[in-house]
Amino acid sequence: QTRNSPCTPQQHPDMKKKVTDAFILTCNVSLEYEKSEVNSGFFYKSADQREKLVKAERAFCDDKVQQIIDLKREVCGQTDKGFVVINQKGVDPNSLDALAREGIVALRRAKRRNMERIVLACGGTAVNSLDDLSPKHLGHAGLFYEHVLGDDKYSFLEECDNPQSVTILIKGPNKHTITQIKDAVRDGLRAVKNAVEDQQVVPGAGSMEIAIYQALNEYKNEVRGKARLGVEAFATAMLIIPKCLAQNAGHDAQDCLVKMLQEYKGVDRPVGLDLSTGEAFYPAEAGIWDNYCVKKQLLNSCTVISSNLLIVDEVMRAGM
């Protein structure tokens, strides 16, 4: 299940835990009273002056909160649509009270990396100032809700219109299982990424190695001298992949190789190994493919590594 998890919420107790058809405002604006960066003080002569000072300080935050409330009223009107504010900075209790009275859900102290993902998932624009706030800055999510995972609370945004970023929630009975699932998901995503970038794939199940083996066996007849032994050795090395597949599936490696080679000679098309039955089959018809860039890198790396090992042997022999 794919979701987008913005942050661990710090919500007002009167705010809703679940909102549908919600507008999402992502911002990096302080909605709390902040102390000055330098040592300073205010002096007053009477209680009235003190009240005016407190109101002036409070008005600095109240004006920004009122801008959010006005925008909510503009886009939601008298409908049942929700409005969610996700702020990277703090929101003080008085501001939370004002937002809660208007039915606005506010999250504070969201992490920066989550803020960037929310914009990609829900749309809209992250704002650093509320002066020019308008509906075009808002994103949208079909469902927003709070959920408890373990000892932590998380907020989820789902049913986004055109999400460009998602979070995959992985659950498991223990850490080992979660790690295995995580590795499998990462491998799958990498395979899809490579296929999209390469714009091509090759048949899997060991069929490519069988085809290379047969092609090299035909090519070695055209080679003279010691180079022919190298071609033959390289061709034999290609069979390691089909052998490993057969052994890992519990089949006899030699029998499987003979079946695949015989089948390939008869049809001259990619033939792989069916791990369930141990018989030869056509992986392209079964939808089994390998990444082109992976196979290309494999062929390149094996030759480079083999050459380096041979060079080391020559160096040691010369030293002795």
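Separation between the residue 178 and residue 21 pseudo-spin-labels, each 7 Å from Cα along Cα→Cβ, expressed in nm?
Distance between the two pseudo-spin positions: 3.7 nm.
Compute the normalised compactness of region 256-300: alpha-carbon radius of gyration over 2.2 N^0.38 Å, N being the residue count.
Working it through for region 256-300, the quotient is 1.26.
Per residue, how much space in cubic angstrom lies within the convex hull of the C-alpha atoms of region 123-182?
136 Å³
So what's the back-of-envelope 222 nm ellipticity for the chain, counting only DSSP H runs of four-plus at -39500 (n - 2.57) apiece and dividing by all residues, rounded to 500?
That calculation yields -16000 deg cm²/dmol at 222 nm.
Would you rank 60, 43 by solvent-accessible area, highest first, keeping every protein chain in place and using a 1.4 Å probe?
Ranked list, largest accessible area first: 43, 60.
When the accessible area of the chain is split by element with a 1.4 Å probe, what percent falls to carbon and sulfur?
It is 52 percent, rounded to a whole number.
Taking the chain as the reference, fit the longest principal axis to its C-alpha atoms, fit the long axis of helix 253-267 to the helix C-alpha atoms, and give the angle between the two in degrees, 0 to 90, nearest 10.
For 253-267 against the chain, the angle is about 80 degrees.
State, in angstrom, two size descriptors of region 166-216 derived from its alpha carbons: Rg to one decimal place and Dmax to the nearest whole number.
When restricted to Cα atoms, region 166-216 yields Rg and Dmax of 16.4, 49 Å.
Keeping all protein chains in place, calculate the accessible area per residue for region 250-320 (probe 1.4 angstrom), answer in Å².
69 Å²
Which value in nm describes the separation of the simple spin-label points at residue 221 and residue 267, placed 7 Å from the Cα toward the beta carbon?
Reported label-point gap for residue 221 and residue 267 is 2.4 nm.
With springs only between Cα atoms under 10 Å, which of 222, 116, 57 fluctuates most in a Gaussian network model of the chain?
Result for the chain, Cα springs under 10 Å: 222 fluctuates most.
For region 57-163, just list the percent of Cα-Cα distances falling in each 10 Å bin from zero outward, please.
12, 46, 35, 6, 0
Tell me, Kirkwood radius of region 72-225 from alpha-carbon pair distances, in Å?
Value: 20.5 Å, from the Cα pair sum.
Which value does Rg/Rh take for the chain over its C-alpha atoms, Rh per Kirkwood?
1.25
Plugging the Kirkwood radius over Cα pairs into Stokes-Einstein for region 190-244, at a temperature of 20 °C and a viscosity of 1.002 mPa s, what D comes out in µm²/s?
Rounded, D is 168 µm²/s.
Tell me the angle of helix 227-237 to the major Cα principal axis of the chain, expressed in degrees between 0 and 90 and rounded to the nearest ten.
The helix 227-237 is inclined about 50 degrees to the chain.
Could you give the angle, 0 to 90 degrees to the nearest 10, between helix 47-76's Cα long axis and the longest principal axis of the Cα atoms of the chain?
50 degrees
Reported to two decimal places, what Rg/Rh ratio describes region 237-320 when computed on Cα atoms with Rh from the Kirkwood expression?
We get a ratio of 1.14 for region 237-320.
Counting only other residues whose beta carbon sits under 10 Å from that of residue 256, what net charge do I get with K and R as +1, D and E as -1?
Local charge sum for residue 256: -2.
The values are calculated or read from the model by the stated rules, or taken from the named source; none is laboratory data. Just so we're clear, the structure is a prediction, and the values are computed from it rather than from any experiment. FYI the Cβ positions are ideal-geometry reconstructions off the backbone, even for glycines, and counts take in every protein chain you see. Each accessible area value is taken on the protein alone, full model and side chains, heavy atoms only, with ligands, DNA and RNA left out. Shrake-Rupley method; radii C 1.70, N 1.55, O 1.52, S 1.80 Å.
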